[in-house]
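See structure below.
The values are calculated or read from the model by the stated rules, or taken from the named source; none is laboratory data. Quick caveat, the model's predicted, so the values are computed rather than measured. Glycine gets a Cβ as well: all are built from the backbone with ideal geometry, and neighbour counts include every protein chain shown. All accessible areas refer to the heavy atoms of the entire protein, side chains included, with ligands and DNA or RNA removed. Shrake-Rupley method; radii C 1.70, N 1.55, O 1.52, S 1.80 Å.
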Amino acid sequence: MVDLKDVNKTLKAFNDIVNTKKHNPFDKKGSLKVGVDLGTSSIVLAILDEENNPVYGSFEFAEVVRDGLVVNYIEAVQIVTRLVQEAEEVLGVELTEAATAVPPGTLGNDYKVVSNVLESAGLTVTTVVDEPSAAACLLNLDKGAVIDVGGGTTGISIIENFKAVETMDEPTGGTHMSLVLAGYHKVSVKEAELIKRDREQEKTTFMIIKPVVDKMADITKQFLSEYPVEPLFVVGGASYFDEFAAVFSKYLGKDVKRPDYPQFVTPIGIAIASKQ
Ligand SMILES: Nc1ncnc2c1ncn2[C@@H]1O[C@H](COP(=O)(O)OP(=O)(O)OP(=O)(O)O)[C@@H](O)[C@H]1O
Ligand SMILES: [Mg+2]
């Protein structure tokens with residue numbers, strides 16, 4: 001049974017750190033767990049102590065990855081280097097090892113490139129996990145499904161024994177919400193991104209982007225008709241809206257839970273997986 005209370009506590013602590021740029025107390029003699037998530041819309045650094053308590057976290061918006069592929073290697077390395085250096089300054093310790101993640105099914109060179117980015121930034125890669133398994137790790141989910149609604153895609157993964165065993169990816173994500181908003185308000189996609197994140201406009205925004213959420217829910221329903229598992233969790237930055245999980249629940253006729261600060265579930269899960 002997954003208890004989101006503790007998960008949400010961890011997520012809130014992480015989000016507070018990201019916003020204040022201050023670290024939480026930690027034992028300088030102990031070891032730290034470091035995770036780097038190279039996403040389509042941002043690169044996130046997550047650092048935990050041995051008990052998986054958040055110690056430090058930061059991110060930069062970046063468009064260096066598309067559909068799980070690194071499309072701007074140099075910039076990706078620069079950003080990871082910058083995030084690691086800042087973390088080292090704040091924490092007063094050197095970071096040498098980290099875990100990272102790839103979308104399920106990433107093979108060969110595409111798989112290697114993700115590790116190479118971290119290695120070029122001076123980190124030894126301890127583990128490369130797949131993204132839904134990382135999310136399942138933080139959620140402590142041994143059986144069920146993780147629906148990850150990121151920037152470019154919606155990924156649905158069936159979890160067994162804490163690992164993703166079946167996955168489908170559909171190219172509808174938060175970017176499509178921004179495109180719909182940009183069209184509605186007749187503004188640039190950049191401006192639409194800001195409107196999308198403005199909590200004061202959330203009710204109206206959600207009404208405008210609801211067809212995109214319906215499409216995501218429909219894709220999920222079709223996939224889950226083949227794999228009728230429960231419980232269901234939705235994660236990823238694009239699921240931030242208050243009503244998001246409820247729309248999914250109604251569409252699927254099943255309970256769908258969304259942790260708080262859903263964009264940090266995978267990065268924290270990657271850090272947890274770094275030493276296991
Ligand atoms: N507060 C918010 N409200 C609404 N949408 C948000 C919010 N914060 C982030 N997003 C959206 O979430 C998406 C990014 O989510 P996330 O950080 O999970 O993706 P990613 O890991 O970078 O991408 P992917 O998983 O597709 O590779 C973007 O489309 C972004 O606009
Ligand atoms: Mg992601």
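Observations on the structure shown:
- Here residue 41 clears all of (1) small (Gly, Ala, Ser); (2) without any contact (Cβ under 8 Å) to a residue 60 or more places away in the chain; (3) closer than 21 Å to residue 258 by Cβ except the condition numbered (2).
- Breaking point among (1) within 30 Å of residue 3 (Cβ to Cβ); (2) assigned by TED's automatic domain parsing to the domain that holds residue 111, for residue 122: (1)
- Helices (runs of 4 or more DSSP H) contained entirely in segment 169-272, each with at least 3 residues that are of a type outside the set (A, V, I, L, M) and open to solvent by less than 10 Å² (accessible area, probe 1.4 Å): 202-226
- Of all the criteria given as (1) within 13 Å of ligand 1 (Cβ to nearest atom); (2) open to solvent by 30 Å² or more (accessible area, probe 1.4 Å), the one not satisfied by residue 28 is (1).
- Every pair of residues 6+ apart whose Cβ atoms lie under 6 Å, when the first sits in segment 234-248 and is at negative phi while the second is within 13 Å of ligand 2 (Cβ to nearest atom) and assigned to a loop (DSSP other than H, G, I, E, B): 238/173
- Against the conditions (1) within 19 Å of the chain's Cα centre (by Cα); (2) closer than 30 Å to residue 178 by Cβ; (3) among the aliphatic types (A, V, I, L, M), residue 34 satisfies every one except (2).
- Residues that are acidic (Asp, Glu) and farther than 30 Å from residue 225 by Cβ, drawn from segment 161-205: 191, 193, 198, 200, 202
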